[in-house]
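What follows is a single structure, written as structure tokens, with notes after it.
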Amino acid sequence: MDIQLQLTIENLLSRYVHAIDDDRLEEWPGFFVEKGRYRITTAENYERGLPLSIIYADSRAMLADRVSALRHANIYEAQRYRHAVSSTLVERVNADTARANSNFHIVRIMHTGESMLFASGRYLDRIRLNGEGGEAMFEERIVVLDSRAIDTLLAIPI
Amino acid sequence: MSAVSESRVWPAEGLTRVPYWVYQDADIYAREQERIYRGAVWNFLGLEAELPEPGDFKTSFVGEMPVVVTRDPGGELRCFENRCAHRGALLCLKSRGNTKEIACVYHNWTYDLQGNLTGVAFRRGVRGQGGMSEDAQPESQAPRKLRVEAFCGLMFGTLADSTPTVEQYVGPEVAAKIRRVMKAPVRVLGGYSQILPSNWKLYFENVKDTYHASLLHLFFSTFRLNRLEQKGGVIVGGDGGSHVSFTMMKSDQSGDEYERAGMRSASGGYALQAPQMLESVDEFGDGVTLQILTVFPGFVLQQIMNCLAVRQVLPKGVAGTELVWTAFGYASDDEKMAELRMKQSNLVGPAGYISLEDGAATGFVQRGVAGASARASVVEMGGRTVESNESRVTETSVRGLWQQYRKHMGL
């Protein structure tokens with residue numbers, strides 16, 4: 001097992017969820033390469049090969065738009081997430097690229113104190129190991145939700 | 001007959017007042033199941049494209065009643081209650097699939113794809129022992145069959161013989177706007193559900209409420225994409241419960257009504273880094289960039305630029321609603337159009353730039369009226385009647401919903 005590779009990727013996954021959970025959303029696009037792809041879908045759509053996404057982006061610019069819409073345009077009650085990422089399996093594709101498959105759970109905490117298991121699923125990642133500044137970055141992150149149902153709304157990215 | 005308290009009398013003002021008990025009362029909810037969903041309405045069941053082959057089936061709901069929708073071996077669409085004649089267990093446990101027959105898992109009673117009971121396990125017993133008597137009539141409790149009509153590729157079902165054809169039910173103008181979107185064979189792009197913390201009618205009102213669109217959904221108005229000063233209109237059809245609203249959007253409007261009124265949605269200085277998402281194609285050739293259409297009691301057909309979807313509004317208790325989204329394109333879509341539809345899917349759904357607020361807003365009403373069942377909401381924008389209108393600063397289609405609702409409910 002390539003322990004260095006495993007640690008590099010787990011570190012990326014950890015930094016990503018801390019940025020979201022700490023409401024540093026402006027940092028979120030920076031975890032992706034410039035033409036990075038991000039999509040949230042359901043296991044049902046994914047397994048049937050259907051293209052519909054709940055969120056879809058094919059560039060860092062589209063991710064940045066999502067953040068500015070959340071900050072300036074969209075209306076939603078104050079809420080936070082707490083991500084738990086686990087069971088990360090890593091596979092090297094070539095010298096520059098690796099794939100990772102992880103589980104996640106997300107607890108959503110509303111400003112009212114209501115706390116619920118908001119989502120569970122898998123992160124299916126393709127990672128560039130030497131992105132800008134030598135950092136590992138996502139070339140593609142597919143978020144596959146286990147359930148087809150979303151409670152109320154999905155504002156903050158997963 | 002469900003017992004609705006005598007205090008549930010509609011306010012004297014009529015259609016301009018909606019009493020809050022209508023979103024809260026369990027007896028009202030029970031009466032809706034009987035008189036609306038199981039009455040003379042067309043319940044949306046899905047896209048015909050979901051069941052392309054004989055033997056295809058899906059499960060769905062008519063109000064709270066579980067149903068199976070099938071394409072039988074002869075190619076006909078069928079719908080019947082998802083309830084075994086024997087003990088009432090669900091017949092079909094999968095959300096979709098293809099099969100030759102349906103067997104209840106509990107005691108293996110079998111049904112064909114038209115919902116006919118075809119086999120009772122050990123009906124004549126085993127070796128002369130047990131079984132049912134000759135005159136037993138298990139068929140008497142067979143699942144109820146719905147009349148199915150596929151209108152322009154949309155499947156609707158009704159339990160009532162008196163329900164007119166779908167076209168008569170929605171009226172000719174709304175029917176024409178269904179044909180506009182369902183103009184060619186469609187391809188399902190996927191689906192998801194959104195669980196709303198509110199009574200089903202709050203969501204159905206929300207979809208019909210053209211007044212809120214640019215006030216709650218800041219995304220479009222910030223980009224001057226859906227201002228109420230732009231051309232468009234509202235058509236109310238059928239008994240009032242069906243409607244279509246449309247907008248001919250321009251991305252570079254010079255109107256300043258919003259700024260002068262000091263509206264929140266006029267806040268400027270916000271630009272997209274990747275505006276390609278909004279570069280839509282006029283695939284209908286009429287300049288209408290946004291068309292929202294509803295059919296009472298729970299169907300929405302949506303064209304937002306090139307983002308097409310149907311939504312099924314399902315009641316899940318007095319204060320809960322499941323909104324089932326199915327996105328589609330046309331079978332003839334090329335790769336470029338498929339990509340555009342994918343990008344524009346960001347506009348809708350639980351994370352939609354112009355729809356995510358709706359899930360929360362209907363919940364704000366449900367929570368807001370918790371102590372006010374004797375009070376009523378004020379629905380007077382655009383007058384007091386139900387009629388088609390060129391302005392969208394109107395609640396005419398919301399009043400239309402209540403007109404049809406009250407007729408069915410006897411309220």
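What Cys residues in the protein assembly as shown are without a partner cysteine, judged by a Cβ distance under 4.7 Å?
B:79, B:92, B:152, B:307 - these cysteines have no disulfide-compatible partner (Cβ-Cβ under 4.7 Å) in the protein assembly as shown.
Can you give the mean number of other chain Cβ atoms that lie within 10 Å of the Cβ atoms in peptide B:350-363? Can you show the working numbers first?
Numbers: counts 10, 15, 5, 7, 3, 2, 10, 6, 2, 7, 7, 3, 1, 3.
Partner-chain Cβ atoms within 10 Å, mean over residues of B:350-363: 6.
Quick check on chain A: of the DSSP beta bridges with both residues there, what percent are antiparallel, nearest 5%?
Details: 36 of 43 bridges.
Roughly 85 percent of the DSSP beta bridges within chain A come out antiparallel.
Quickly estimate the mean residue ellipticity at 222 nm for chain B, helices only: each DSSP H run with n ≥ 4 gives -39500 (n - 2.57), and the total goes over all residues, rounded to 500.
Numbers: 10 runs with 82 residues, N = 411.
So the helix-based figure for chain B works out to -5500 deg cm²/dmol.
Rounded, prolate or oblate for region B:318-360? Axes are the square roots of the Cα gyration tensor eigenvalues, ordered a ≥ b ≥ c, and the cut-off for rounded is a/c under 1.5. Kindly include the intermediate steps, with their values, before the conclusion.
Values: a/c = 5.95, a/b = 2.07, b/c = 2.87.
It comes out oblate by the Cα gyration axes.
Using a 10 Å cut-off on Cβ to Cβ distances, tally the other chain neighbours for every residue of A:55-68 and report the average as a whole number.
On the way: counts 7, 9, 4, 6, 3, 2, 5, 7, 2, 3, 10, 4, 0, 5.
Counting Cβ atoms of other protein chains within 10 Å of each residue's Cβ and averaging gives 5.
Starting with the highest mean, order A:20-32, B:185-197 by the number of other Cβ atoms within 10 Å, averaged over the residues of each peptide.
Numbers: A:20-32: 16.8, B:185-197: 21.5.
Output ranking for A:20-32, B:185-197: B:185-197, A:20-32.
How high is the relative contact order of chain B, in percent, with contacts defined as C-alpha pairs under 8 Å that are six or more residues apart?
21
Let me spell out the model: positive unit charges on the Cβ of Lys and Arg, negative unit charges on the Cβ of Asp and Glu, origin at the Cα centre of chain B. What dipole size does that give, in debye rounded to 20? Kindly include the intermediate steps, with their values, before the conclusion.
Numbers: 44 positive and 46 negative charges, 160 e Å.
Magnitude of the dipole: close to 760 debye.
Sorted by mean Cβ packing within 10 Å, highest first, what order do the peptides B:125-136, B:301-312, B:278-289 take?
Values: B:125-136: 8.5, B:301-312: 22.6, B:278-289: 14.4.
Packing order, densest peptide first, comes out as B:301-312, B:278-289, B:125-136.
Using a Cα distance threshold of under 21 Å, what count of lysine pairs results for chain B when pairs must be 8 or more residues apart or interchain?
Close lysine pairs found across chain B: 18.
Classify the protein assembly as shown: rounded, prolate or oblate, from the alpha-carbon gyration tensor (a ≥ b ≥ c, eigenvalue square roots; a/c under 1.5 rounded; otherwise prolate if a/b is larger than b/c)?
Working: a/c = 1.77, a/b = 1.19, b/c = 1.49.
Cα axes put the protein assembly as shown in the oblate bin.
From other protein chains only, count the Cβ atoms within 10 Å of every residue's Cβ in B:210-217, then give the mean.
1
Any idea what the dipole of region B:309-411 comes to, in debye rounded to 20, about its Cα centre with Lys/Arg Cβ at +1 and Asp/Glu Cβ at -1?
Working: 12 positive and 11 negative charges, 107 e Å.
Dipole size: approximately 520 debye.
Roughly how much accessible area, to the nearest 100 Å², goes out of reach of solvent when B and A pair up, both sides summed, probe 1.4 Å? List each step's numbers first, then the result.
Values: alone 18310 and 8470 Å², together 23430 Å².
Buried area (both sides, nearest 100 Å²): 3400 Å².
The values are calculated or read from the model by the stated rules, or taken from the named source; none is laboratory data. Everything quoted here is computed from the prediction, not taken from an experiment. Because the Cβ atoms are built from the backbone with ideal geometry, glycine has one as well, and the counts that use them run over all protein chains shown. Side chains are part of the model used for accessible areas, which takes the heavy atoms of the whole protein and leaves out ligands, DNA and RNA. Shrake-Rupley method; radii C 1.70, N 1.55, O 1.52, S 1.80 Å.
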